[in-house]
Amino acid sequence: MGVAKILIESGCSEEVIVAGLLHDTVEDTEVKLDQIESEFGKEVAQLVEGASEPDKSDSWDNRKKHTIDYLLDSPINVVLVTFADKLDNMRAIRSDYEKIGDEVFGRFNEPKDKQRWYFESLAEVFSKRIADEPLVALLREFKAEIAKVFGKT
């Protein structure tokens, strides 16, 4: 719901908002893209597909590198869904970090230094792709959240 809220507040289209609601569905459930297309239309299905990792069996490093590379040239609405997802993730991580410190990284498959690399790399990509308000303000917030958790680099 946090992803959809960010997209609503950013003035995104209904299709982008619905894709934000469904962004993890294919990765985390038995629902397939054709079911999403049948229920919500081709555009929503394409956005969900674009915001999903293509091969969950691949290594963490390869999956994250793929995401970073893909976002450099992907359709802007895929970038928006992914950005809202990562901003929502960083808000949650920062909130938990303030409560339990570095213990929060025990919840992840990779350690803090790799999480730092990933989120800082995403911030670089989003900085290249996002140019309009209110998203620029949210991008500043995203970078501030990263700095609060990982420190300034």
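The values are calculated or read from the model by the stated rules, or taken from the named source; none is laboratory data. These figures come from a predicted structure and were not determined experimentally. Every residue, glycine among them, receives a Cβ derived from its backbone with ideal geometry; neighbour counts consider all protein chains shown. Quick note on the areas: whole protein, heavy atoms, side chains included, nothing else; ligands and nucleic acids left out. Shrake-Rupley method; radii C 1.70, N 1.55, O 1.52, S 1.80 Å.
Quick notes on this one:
- Measuring between their Cα centroids, the stretch 57-99 and the stretch 9-25 lie 15 Å from each other.
- Percentage relative contact order, the chain, counting C-alpha pairs under 8 Å, at least six apart: 23
- In this Cβ point-charge picture (+1 for Lys and Arg, -1 for Asp and Glu), the stretch 36-153 has a dipole of about 480 debye about its Cα centre.
- Within the same chain, lysines fewer than 8 places from Lys65 are excluded, and of the rest, those with a Cα less than 23 Å from its Cα are Lys56, Lys86, Lys112, Lys114, Lys128, Lys143, Lys152.
- Angle of helix 112-129 to the longest C-alpha principal axis of the chain, folded into 0 to 90 degrees and rounded to 10: 50°.
- Percent RCO, i.e. relative contact order, over the stretch 95-153, from Cα pairs under 8 Å lying at least 6 residues apart: 30
- Sorting Glu133, Glu30 by accessible area puts them as Glu30, Glu133; the probe is 1.4 Å, largest comes first, and only protein heavy atoms count.
- Residue-averaged [θ]222 nm for the chain, counting only DSSP H segments that reach four residues, each worth -39500 (n - 2.57): -22500 deg cm²/dmol
- Furthest towards positive pole of dipole, Phe83, Thr29, Ser52, structure part the chain, Cβ charges: Phe83
- Rolling a 1.4 angstrom probe over the chain with all protein chains present gives an accessible area of which 49% lies on carbon and sulfur atoms.
- Scattering profile of the stretch 2-42 at q = 0.16 Å⁻¹ [log10 I(q)/I(0), Debye over alpha-carbon scatterers]: -0.40
- Size descriptors for the chain (Cα atoms only): Rg and Dmax, in that order, 15.2, 45 Å.
- The residues of the chain expose, per residue, 55 Å² of accessible area to a 1.4 Å probe.
- Exposure rule at most 12 other beta-carbon atoms within 10 Å, DSSP loop trypsin sites (Lys or Arg not before Pro): the chain longest free segment: 57-151
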